[in-house]
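Single-structure report; data block below.
The values are calculated or read from the model by the stated rules, or taken from the named source; none is laboratory data. Bear in mind that the values here come from a model prediction, so they are computed numbers and not experimental data. Note: ideal-geometry Cβ built from the backbone for every residue, glycine included; neighbour counts use all protein chains shown. Protein only, heavy atoms only, side chains kept; ligands, DNA and RNA dropped before computing areas. Shrake-Rupley method; radii C 1.70, N 1.55, O 1.52, S 1.80 Å.
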Protein chains: 2
Amino acid sequence: MVERLDATFGALADPTRRAMLASLALGERSIGELAAPHAMSFAGASKHVRMLERAGLVERRKAGRTQLCRLDPRALAEADAWLRQWEHFWTARLDALEQIIAERKDR
Amino acid sequence: MVERLDATFGALADPTRRAMLASLALGERSIGELAAPHAMSFAGASKHVRMLERAGLVERRKAGRTQLCRLDPRALAEADAWLRQWEHFWTARLDALEQIIAERKDR
DNA sequence: GGGTTATTAAACCTTATGGTTGAACGACTC
DNA sequence: GAGTCGTTCAACCATAAGGTTTAATAACCC
């Protein structure tokens, strides 16, 4: 599961891929539809899709000559579960932290 | 904020750095203390700390000849907020989610 | 001042990322 | 069968990541 988190967070560390996921949240998309909004070659966008797929964030199926992609949320859920380990840091202790930062700024 | 998410997710995409964050969750740590558990040169570990710092996940202050690092959870909170956009994909409890978001907004 | 300790910097190596272009392949259209 | 459309592959380039080693800096101890 460690490598899975590596791949998931790595895949999320790019705005093009995050935008693709946002598009996939609305429904299935072909590679071309995923690529279109981005000022980038088709082949470049295709590589991003492959990275999403290798990270397990996206499943694809053939439909004629196009490939339809669908969001697989399980890896996202794992990443979110990992992040929530620290949830109490940004709820209970965020106030205290901001106080410290404010004090530093005063200097 | 887009670049911030890039940096945050990029920083999280490495098990060494995630382990460092877990250590920092227990309290302040020096660079040496963060580096010790990892089978890696000191300089290598120091680079990881610098990446955490550049991503805004860690703050440091000088304490004599050592540097003490502390977790700054705000970027983690942003990353988690982004991930939770898809929460309804992995749970059926959309109502509960919106309640949590509404509560957070009130603060 | 001299030695030790904590940390960074510099130089280097290897591999991965993010991007390009151009050719190739498979499926549809006619 | 010929052309076109969606997609991938291969080769290439530039830059960043992840690691090393050796030297340099800065603070403490005596």
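Peptide A:52-65 has a mean shielding of 0, counted as Cβ atoms of other protein chains within 10 Å of each residue's Cβ.
Using a probe of 1.4 angstrom and keeping all protein chains present, the accessible surface of region B:2-76 works out to 48 square angstrom per residue. Summing +1 for each Lys or Arg and -1 for each Asp or Glu among the other residues whose beta-carbon sits under 11 angstrom from that of A:Gln67 gives +3. Per residue of A:78-91, other chain Cβ atoms within 10 Å of the residue Cβ number 6 on average. Summed over both chains, the accessible area lost when B and A associate is about 3000 Å², using a 1.4 Å probe. Among residues other than B:Ala11 with Cβ under 11 Å from its Cβ, the summed charge is +2 (Lys and Arg +1, Asp and Glu -1). Annotation note: trypsin sites (Lys or Arg not before Pro) in region A:1-82 located in DSSP loop regions with a Cβ neighbour count of at most 15 within 10 Å are A:Arg65.
A crude spin-label estimate for the pair B:Ser46 and B:Ala22, with each label 7 Å from Cα along the Cβ direction, gives 2.6 nm. The heavy atoms of A:Trp82 present about 40 square angstrom of accessible area, all protein chains included, probe 1.4 Å. Loop-located GluC sites (Glu not before Pro) in region A:1-72 (DSSP state not H, G, I, E or B) with no more than 12 neighbouring Cβ atoms inside 10 Å do not occur. Within the shell of other residues whose beta carbon sits under 13 angstrom from the beta carbon of A:Leu83, the net charge comes to -2, with Lys and Arg scored +1 and Asp and Glu -1.
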